[in-house]
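The values are calculated or read from the model by the stated rules, or taken from the named source; none is laboratory data. Model, not experiment: these values are computed from the prediction. For neighbour counting, all protein chains shown are included, and Cβ atoms are generated from backbone atoms with ideal geometry for every residue, glycine included.
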Amino acid sequence: MAAIESFLSESAAAKKRRWAMLGTILIGVILLHVAAGIVAGIFVVAKYIFPPPANFVVQRDIRLPAKKREHKMNMAALDAIAPKPTFNDKLQSTRPTSFSLPAVPDLPLDQMLPLDPSQIIADQISSLSTSEAMGAGAGSAATGSGGFGKGMSFLGIQSDGQRILLMFDVSTSVKTKAEKAGVPLAKIKLETIELIKKLPITSRFGIIQFSRNYKPFSEELVPATNSNRDAATAWVEDEWVESGMIPSSGKGIPSPNGVIGVLELAAKMKPDVIFLISDGSFESSLNPQGIPWNDFKKAADSIKDVTDDSCRFNFITFEASEEDTKELKRISSRTSGKTIELKK
């Protein structure tokens, strides 16, 4: 009440000054907002009149190469290379001369041309041609009619691959059954040497003999060069086991779990095709009554090639039991391989 009475009692001059001050403040606020709007409009218009300069940024596009596909395409291109043309015409002259030119002797022009991989691919190895070694499930490939098509033939099985591993069960039971089938270990030894000699230079290979212990030619696959083929041939000639056992002393390597240890070594070699000669019965110091097939399958499944694909298993058996044959066929069929039995 006191404030209202004080306001009513003010003089006309004081009231005029108060209203003038309020008007000034209101006008100042309005002008401030107008100025802010003008400045903001200037910035908006300037953005369209003077756009910022373009800034080009190059981002790296990281792509991992498809090694597996590229490898297969390169190998296919290598296999498809056409032979180089050769000059077969003899030098001749049509101008009359006082003497006749002798015929130019035949020259080995193929030795002067660049090396052609298609000319050094070996013919497939001739397999056993006797009637005693006819594979029961080999079909026409068991007749050993020489190389044909792409790949190789070993003891009646036609297969292909660039990383080949030969595994021989040289136990006493295999030795006895092989001799009974008319294919003794000595004959298998000769077939092995023939295969080694005819491997293409673009391939790698390895050899392992095993019973309860094992003896490898090398603990890794070696290129099929002339020196390596000669060394492997000498190793087979000198180290071939026909006694039915491999002692752990000397050059034999102890393997308490038998063929499982051999398969573990094969997994480190990364082959893409395996030829395994056996009677289908595998024993070890840990399993004298026979290695469980589940353990064998697990070890076989762990073997991959360099492109991480499953290795192709080919089994050549002597008098394998019906159950063992069934298990071996399951493994070979799962890996696109074959299983045959050599018998009379």
Checking Phe282, Phe296 in turn, the sole residue that is closer than 20 Å to Ser211 by Cβ, touching a residue at least 60 places away in the same chain (Cβ under 8 Å) and not acidic (Asp, Glu) turns out to be Phe282
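Condition check ((1) in contact with a helix residue (DSSP H, G or I) (Cβ under 6 Å, 6 or more places away or on another chain); (2) within 25 Å of Ile196 (Cβ to Cβ)) across all residues:
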{"residue": "Thr233", "(1), (2)": "yes, yes"}
{"residue": "Glu237", "(1), (2)": "no, yes"}
{"residue": "Gly258", "(1), (2)": "no, no"}
{"residue": "Ala266", "(1), (2)": "no, yes"}
{"residue": "Lys270", "(1), (2)": "no, yes"}
{"residue": "Thr307", "(1), (2)": "yes, yes"}
{"residue": "Thr325", "(1), (2)": "no, no"}
{"residue": "Gly337", "(1), (2)": "no, yes"}
Those residues that are under 21 Å from Asp272 (Cβ atoms), at pLDDT below 75 and either in contact with a Gly (Cβ under 9 Å, 6 or more places away or on another chain) or of a type outside the set (A, V, I, L, M, F, W, C) (or both), I need them from segment 41-90; list them, please. Pro65, Lys67, Lys68, Arg69, Glu70, His71, Asp79
Could you grab the pairs with beta carbons closer than 9 Å, sequence gap of 6+ or different chains, first residue in segment 184-202 and at pLDDT 85 or above and assigned to a helix (DSSP H, G or I), second one hydrophobic (A, V, I, L, M, F, W, C) and surrounded by fewer than 17 Cβ atoms within 10 Å (Cβ to Cβ)? Lys197/Ala122
From (1) out of contact with any strand residue (DSSP E or B) (no Cβ under 7 Å at 6 or more places or on another chain); (2) under 15 Å from Phe154 (Cβ atoms), pick out the condition that doesn't hold for Ala231. (2)
Take the residues in segment 231-250 that are under 30 Å from the mean Cα position of the chain (by Cα) and of a type in the set (Val, Ile, Thr), then tell me which one is surrounded by the most Cβ atoms within 10 Å (Cβ to Cβ). Val236
Quick one: which strands (runs of 3 or more DSSP E) lie wholly within segment 203-306 and hold at least 2 residues that are under 18 Å from Thr335 (Cα atoms) and small (Gly, Ala, Ser)? none
Conditions (1) over 22 Å from Ile340 (Cβ atoms); (2) modelled with pLDDT of 80 or more; number of the one not met by Glu242: (2)
Among (1) free of Cβ contacts under 8 Å to residues at least 12 places away in the same chain; (2) at positive phi, Glu319 falls short only on (1)
